[in-house]
1. Residue under question is Q193, and the condition is that it be open to solvent by 50 Å² or more (accessible area, probe 1.4 Å), modelled with pLDDT of 95 or more and not charged (D, E, K, R); does it hold?
2. Given (1) outside any helix (DSSP H, G or I); (2) open to solvent by less than 60 Å² (accessible area, probe 1.4 Å), identify the lone condition not met by E47.
3. Can you spot a residue in the stretch 80-97 that is closer than 24 Å to E116 by Cβ, surrounded by fewer than 18 Cβ atoms within 10 Å (Cβ to Cβ) and among the small types (G, A, S)?
4. Suppose the filter is under 18 Å from L39 (Cα atoms), surrounded by fewer than 16 Cβ atoms within 10 Å (Cβ to Cβ) and of a type in the set (D, E); does E151 pass it?
5. When you scan the stretch 51-65, how many residues do you find that are farther than 19 Å from E16 by Cβ and either open to solvent by 20 Å² or more (accessible area, probe 1.4 Å) or of a type outside the set (V, I, T) (or both)?
6. Give L68, L75 a once-over and let me know the one that is under 23 Å from P147 (Cβ atoms), over 13 Å from the mean Cα position of the chain (by Cα) and open to solvent by 60 Å² or more (accessible area, probe 1.4 Å).
7. Could you list, in sequence order, the residues of the stretch 79-104 that are modelled with pLDDT of 95 or more, in a loop (DSSP other than H, G, I, E, B) and over 11 Å from the mean Cα position of the chain (by Cα)?
8. I'm trying to understand the selection: among the residues of the stretch 61-78, which are at pLDDT 95 or above and outside any helix (DSSP H, G or I)?
Amino acid sequence: ALPISSDVNTIKKQFELEGKFVVGHFSRLSPWKGQHILLEALTHCPENVTAILVGDALFGEQEYVEKLHKQVADLGLQNRVKFLGFCSDVVPLMTACNLVAHTSTSPEPFGRVIIEGMLCKTPIVASAAGGVVELVNPGKTGWLITPGNSEELANVINNCYQNPELAANVATEAYHKANENFQLEQTRQQIDQLLRKLL
């Protein structure tokens, strides 16, 4: 696994991200996780917008990784996309991002990456499907896009790029909501209450 510093400036230096607007994608490399949609979206964003893909392929999905590398080359994005591989502690990397993109093309039951991003105070854009819809209040705690729509994704990236203050406010609001609803102690109490009702 990748050794990661806990210091944002060190991370930016390590991966040559200084002065860049960084969009992070955190999940295994798999067609339904939609990394190809983020790569397509980058072509509609300023040169300064860079993507980091954090995660690895599972057995049998290596072909997709090759496709992603080919897509990067075909779109001329070699200097704007970094494949960082698997990382056991994503928090420092998430904190170093300007935006976290969740681009699943199939509905996710929950979407843990979204909550992790919120707790890192990093703005979130996510595919509007499955449990994700309950996690993100559009324009208030993040942004939702139609699954598979790279132009909608590019619009959100560009909006955050051009309006850093808006993005920061949305991220702060999301942090408070996630902190309220998803901290361990809070979750334990809720489960406790549910069990008491049932018993």
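The values are calculated or read from the model by the stated rules, or taken from the named source; none is laboratory data. All values derive from a computational prediction rather than experimental measurement. A quick note on method: Cβ atoms are made from the backbone with ideal geometry, for glycine too, and the neighbour counts reach across all protein chains shown. The area values use the complete protein model at the heavy-atom level, side chains included, leaving out ligands, DNA and RNA. Shrake-Rupley method; radii C 1.70, N 1.55, O 1.52, S 1.80 Å.
1. Against the criterion (open to solvent by 50 Å² or more (accessible area, probe 1.4 Å), modelled with pLDDT of 95 or more and not charged (D, E, K, R)), Q193 does not qualify.
2. (2)
3. Looking through the stretch 80-97, at least one residue is closer than 24 Å to E116 by Cβ, surrounded by fewer than 18 Cβ atoms within 10 Å (Cβ to Cβ) and among the small types (G, A, S).
4. It is true that E151 is under 18 Å from L39 (Cα atoms), surrounded by fewer than 16 Cβ atoms within 10 Å (Cβ to Cβ) and of a type in the set (D, E).
5. Number satisfying all stated conditions: 10.
6. Answer to the check: L75.
7. Selection gives N79, R80.
8. The answer is L75, G76, L77, Q78.
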